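Everything on this sheet refers to the single structure shown next.
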Amino acid sequence: MTNTDTDRQDPDPKGHDHAERAGDDELPNAEDISATVRGIVENVERVILGHREEIEHILTALLGRGHVLLEDVPGVGKTMLARAVAQSFAGEFTRVQFTPDLLPSDVTGVSVYNERTESFEFRAGPVFGNVVLGDEINRAPPKTQSALLEAMEETQVTVDGETRALPDPFTVIATQNTVEGDRAYDLPLAEVDRFMKKLELGYPTPEDEVELLDRVVGDHPIEELRPVATLEELRDARRVAANVNAASPIREYATRLATYTREHAQIGVSPRGSISLLRAAQARAVLDGRNYVIPEDIQYEAPTVLGHRIRTGSGDGGALVSDALATVAIE
């Protein structure tokens, strides 16, 4: 299945309702939103070459109110990808460089006493952004990593007993160094489970790398990248994605896939993972200009959404997801 096939026939012969939910007449048209999102994808491609599929995965995570873990070797464009996504919809891009001595307050912010006003003032940390890059997140100890847990799950942070809402939209794109494991910490499962998707970029093809070298002669393309959408348009896109129709057979299919992993692994996909799969499938439908989910949306999103949540004796959650997709029937 290709993720750019917008000419699929409706595969639902049982006549399940594909209409939008009642009361959502004010929502933008799914086809218009698709054009907006694809415009962002194409804009990011001006900076990141040869990774359209991964760019689309990040955009569907953004539409599905999820977060992304990028795991790869240094220097393949993970940081630049996050920055290009933020710039493409005029979002605020912030960055946290995770190091062994990083403190939780360096992420969330801290209250500082102001002698002039004789009161404490809150100074927001870098987590207060639309796209927050957690660079080399596995470099910091678990206590510091845990500073992101509330933010990723509830879109808020609590500092000194006061809860503060984060910007809308809010997405964490974290990178993980896979080379120098002896100087890094394992991410706790509770944190890994909060990432909607786990992706790898890989090296570009020789042809893409030659074009990349051509583009960076002079000013880097990221310096000339301009927004092609607004924050409000992105918020509309997220609302449309949240209201995409997922008929009962679709929801049951996603549940059966999750159940299969629980029956064949030490730790299977959590209910949070099932929710993430459905939201990613809804966002994929929007990307294709549809207001309903089809089984192919679930199948396409499952490997990036489910694999990192699974713990098996062999450590290969991806293989189990492949088995589930090959075994679990679509009813």
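Quick notes on this structure:
- Ordering of 41-48, 216-223, 27-34, 126-133 by burial proxy (mean other Cβ atoms within 10 Å per residue, highest first): 126-133, 41-48, 27-34, 216-223
- Of all DSSP beta bridges in the chain, antiparallel share, percent nearest 5: 40
- Between A35 and L212, the distance separating the two model label sites (each 7 Å from Cα on the Cα→Cβ line) works out to 3.3 nm.
- With Cα atoms, 0 to 90° folded angle of helix 248-264 axis to the chain main axis: 70
- Principal-axis tilt of helix 317-327 within the chain, Cα atoms, nearest 10 degrees: 20
- Based on C-alpha pairs under 8 angstrom that are at least 6 apart in sequence, the chain has a relative contact order of 25 percent.
- Cα centroid separation, the stretch 32-102 to the stretch 172-229 (Å): 8
- Folded to 0 to 90 degrees: helix 30-44 orientation relative to the chain principal axis, Cα: 50
- Helical runs (DSSP H, four residues minimum) scored at -39500 (n - 2.57) apiece and divided by the length of the chain put the mean residue ellipticity at 222 nm at -12500 deg cm²/dmol.
- Under-5 Å amide H pairs with A247, H placed in peptide plane, nonlocal only: V293
- Given the choices [x] -0.61, -0.88; [y] -0.55, -0.79; [z] -0.67, -0.87, log10 I(q)/I(0) by the Debye sum over Cα atoms at q = 0.10, 0.12 Å⁻¹ derived from the coordinates of this structure is entry [x].
- Neighbourhood net charge (12 Å Cβ-Cβ; Lys/Arg +1, Asp/Glu -1) for I310: 0
- Alpha-carbon spread of the stretch 224-331, three principal axes, descending order, Å: 46, 36, 20
- In this Cβ point-charge picture (+1 for Lys and Arg, -1 for Asp and Glu), the chain has a dipole of about 760 debye about its Cα centre.
Read-outs throughout are calculated quantities, based only on the coordinates presented, and are distinct from any laboratory measurement. All values reported here derive from a predicted model rather than from experimental measurement. Using ideal geometry, Cβ is built from the backbone for each residue, glycine included, and neighbour counts are taken over all protein chains shown.
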